[in-house]
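Undergrad: I have a structure here, written as structure tokens, and I will follow up with some questions on it.
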Amino acid sequence: MITLQGRKSSPPAPKSVRTQPRRRRRTLNELARTNPLSTIITVSIDLVAGSAGVALGAWWGFSTEPTSPPVWICALYTPLIIATLSFRKAYARRLNRRFLDEIGPVLAATALAAIFLLSLMEFANVPGHIVGMVAKMWVCVLAMMLSFRLIRAAYQRSLRRRDLLLSPVVVVGNGRVAYQIVDRLSSSPQHGLKVIGLVDAEAPWAGGGSEGVASPVPYLGSPDDIDRIIRETGAEGIVIAFSLTQDQLLTPVIRIAHRHGLRVWVVPRMFDSVGENVRVEHVGGLPLLAVPHTNPQGWQFTLGKHLGDRVIATVGLLLISPLFLMLMLLVRLSSPGPILFRQPRVGRDGQVFDCLKFRSMRAPQPSDADFEVASGSAPGGVEGVDRRTKIGKIMRRTSLDELPQLLNVVNGDMSLVGPRPERPEFVALFDAQIRRYGERHRVKAGVTGWAQVHGLRGQTSIADRAEWDNYYIENWSWALDMKILMLTVLAVMRRAE
């Protein structure tokens with residue numbers, strides 16, 4: 001056969017001898033973020049920490065107890081902990097798993113393993129003061145394991161902020177939800193994922209981004225090309241988002257991804273109603289999502305938030321009373337005006353109340369310019385001319401100006417944790433413009449909230465706030481409240497407006 005250039009072309013190679021693309025050797029960075037090495041590293045950290053804790057606890061027990069059990073049976077404690085964690089699937093990788101999320105599983109596993117070891121010693125009639133020895137080992141192992149995990153979490157977070165240990169993922173979809181996933185993962189490296197491209201039957205249009213701009217990631221091809229895309233990009237995960245492609249055509253995408261060893265996430269159709277406590281049940285071969293309901297009128301809210309918050313706020317006010325009185329004096333001396341600043345805010349069921357803060361600004365002057373809130377952003381922070389006093393700047397930076405809201409909690413207007421309240425004039429505006437904004441008012445407003453501990457403070461996106469606040473309401477638990485309060489302590493240590 002003669003080509004247009006007049007040269008003979010070589011016959012195509014038989015399929016049996018065609019060369020396949022060679023799979024490049026994976027770097028240590030790539031191996032460390034994928035199984036099995038990722039799980040091996042985590043188990044090894046627990047093994048070293050547990051062994052060190054057992055050694056420290058045994059030394060403590062041998063030096064204080066008159067008789068102690070044999071060393072060999074004490075050495076069983078660490079393997080029991082790792083077995084318990086494995087049985088409870090605590091080593092399964094999860095997105096954005098914070099150190100606070102690890103405290104509960106580690107605490108439960110070490111306690112269960114201690115009970116099992118104590119029962120084994122009692123059943124085997126092991127000599128010595130076994131209760132005292134096991135208690136000392138439990139304390140030491142718990143402290144060592146949590147310390148090692150804290151160091152690992154801080155180091156991993158530092159690496160991910162420098163674009164290391166980020167697994168490349170492909171998003172299948174071409175719509176608002178797909179672009180929302182791209183935006184979230186791009187702005188939150190702590191999830192450990194980096195979007196490298198979009199896959200869909202149709203190429204993204206120029207204005208397809210969530211902010212009306214071009215997509216920040218390239219279009220890689222259609223779902224039919226997924227095998228080639230995985231091999232060429234080295235993707236380690238796939239996120240199935242909303243797409244015009246029929247669902248039955250996306251099933252092969254998942255199967256091909258699993259054949260390559262990729263992790264797969266699927267955004268459910270009714271994602272607004274799917275929370276952390278959803279259960280998967282089956283009718284024959286059909287999976288059903290059992291969606292739990294959070295009732296703000298239920299007894300859990302009545303006891304856990306309405307009554308419990310008032311008790312905690314009262315105790316907190318008593319404990320910080322010296323600081324509270326000192327701030328009152330400093331505000332009084334800073335500039336003329338009242339000590340407390342009262343501003344109408346919208347709370348539960350749309351009820352308006354006076355939200356209290358320490359006054360941090362001087363009175364406005366006629367020459368001060370007016371301020372307009374940017375479209376799509378929440379009001380807050382320094383609006384217009386900076387009128388903050390010296391003590392006001394310190395209180396704003398450390399969030400000490402929010403302390404009088406504990407009086408709102410005692411009075412029943414607010415809760416310790418919940419959506420941050422907004423001014424009535426902005427509520428009416430946002431309720432008309434922002435999707436699901438009004439649903440935030442199902443519960444009392446909070447001194448701190450799920451959105452605030454994730455950096456949504458001051459003049460930030462109100463749509464993002466509504467999303468985080470509704471997530472909090474639909475996944476509320478006492479444990480989540482405690483987690484938010486602990487995260488708040490960390491958040492106020494950072495510079496804030």
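Undergrad: Does segment 186-196 hold any residues that are over 14 Å from residue 97 (Cα atoms) and in a helix (DSSP H, G or I), and which are they?
TA: 186, 187
Undergrad: Given the residues 428, 491, 432, 445, which is the only one that is over 28 Å from residue 340 (Cβ atoms) and of a type in the set (Gly, Ala, Ser)?
TA: 432
Undergrad: Checking the condition under 27 Å from residue 331 (Cβ atoms) and either in contact with a Cys (Cβ under 8 Å, 6 or more places away or on another chain) or surrounded by 15 or more Cβ atoms within 10 Å (Cβ to Cβ) (or both), which residue from 489, 453 passes?
TA: Result of the check over 489, 453: 453.
Undergrad: Follow-up. Residues 232, 276, 236: which one is under 26 Å from residue 166 (Cα atoms) and not assigned by TED's automatic domain parsing to the domain that holds residue 202?
TA: Exactly one residue qualifies, and that residue is 276.
Undergrad: When only residues in segment 166-179 that are touching a helix residue (DSSP H, G or I) at 6+ places or on another chain (Cβ under 9 Å) and surrounded by fewer than 19 Cβ atoms within 10 Å (Cβ to Cβ) count, which is modelled with the highest pLDDT?
TA: Per the criteria, the residue is 168.
Undergrad: Can you tell me how many residues within segment 388-417 are of a type in the set (Val, Ile, Thr), in a helix (DSSP H, G or I), surrounded by 18 or more Cβ atoms within 10 Å (Cβ to Cβ) and within 25 Å of the chain's Cα centre (by Cα)?
TA: Going through segment 388-417 one residue at a time, the tally reaches 0.
Undergrad: State which residue is surrounded by the fewest Cβ atoms within 10 Å (Cβ to Cβ) when the search covers only segment 69-80 and only residues that are under 34 Å from the mean Cα position of the chain (by Cα) and not aliphatic (A, V, I, L, M).
TA: Among those residues, the one meeting the criterion is 79.
Undergrad: If I ask for residues that are loosely packed, with under 14 Cβ neighbours inside 10 Å, within 26 Å of residue 159 (Cα to Cα) and among the hydrophobic types (A, V, I, L, M, F, W, C), which ones from segment 81-105 would you list?
TA: 92, 95
Undergrad: Go through segment 55-165 and tell me which helices (runs of 4 or more DSSP H), entirely inside it, have 2 or more residues that are acidic (Asp, Glu) and under 19 Å from residue 43 (Cβ atoms).
TA: Answer list for segment 55-165: 99-123.
Undergrad: I've got another one for you. In segment 431-450, what residues are surrounded by fewer than 21 Cβ atoms within 10 Å (Cβ to Cβ) and touching a helix residue (DSSP H, G or I) at 6+ places or on another chain (Cβ under 8 Å)?
TA: Across segment 431-450, the qualifying residues are 431, 434, 435, 436, 438, 439, 442.
Undergrad: While we're here: Among 324, 353, 301, which is under 23 Å from residue 272 (Cβ atoms) and of a type in the set (Phe, Trp, Tyr)?
TA: Residue meeting the stated conditions: 301.
The rows are residues; the columns are (1) more than 28 Å from residue 477 (Cβ to Cβ); (2) touching a residue at least 12 places away in the same chain (Cβ under 8 Å).
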position	(1), (2)
70	yes, yes
74	yes, yes
106	no, yes
130	yes, yes
148	no, yes
152	no, yes
155	yes, no
164	yes, yes
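Undergrad: Pick from segment 49-68 the residues that are modelled with pLDDT under 80 and surrounded by 16 or more Cβ atoms within 10 Å (Cβ to Cβ): which of them is nearest to residue 113 (Cα to Cα)?
TA: The extreme case among them is 68.
Undergrad: Based on what the data block shows, is residue 456 part of a loop (DSSP other than H, G, I, E, B) and in contact with a helix residue (DSSP H, G or I) (Cβ under 7 Å, 6 or more places away or on another chain)?
TA: Judged against the criteria, residue 456 is a match.
Undergrad: Also, quick follow-up: From the residues in segment 231-252 that are among the hydrophobic types (A, V, I, L, M, F, W, C) and within 28 Å of the chain's Cα centre (by Cα), which one is farthest from residue 173 (Cα to Cα)?
TA: 235
The values are calculated or read from the model by the stated rules, or taken from the named source; none is laboratory data. What you are looking at is a predicted structure, and each value in this text was computed from that prediction instead of being measured. Here Cβ is always computed from backbone atoms with ideal geometry, including for glycine, and neighbour counts include all displayed protein chains.
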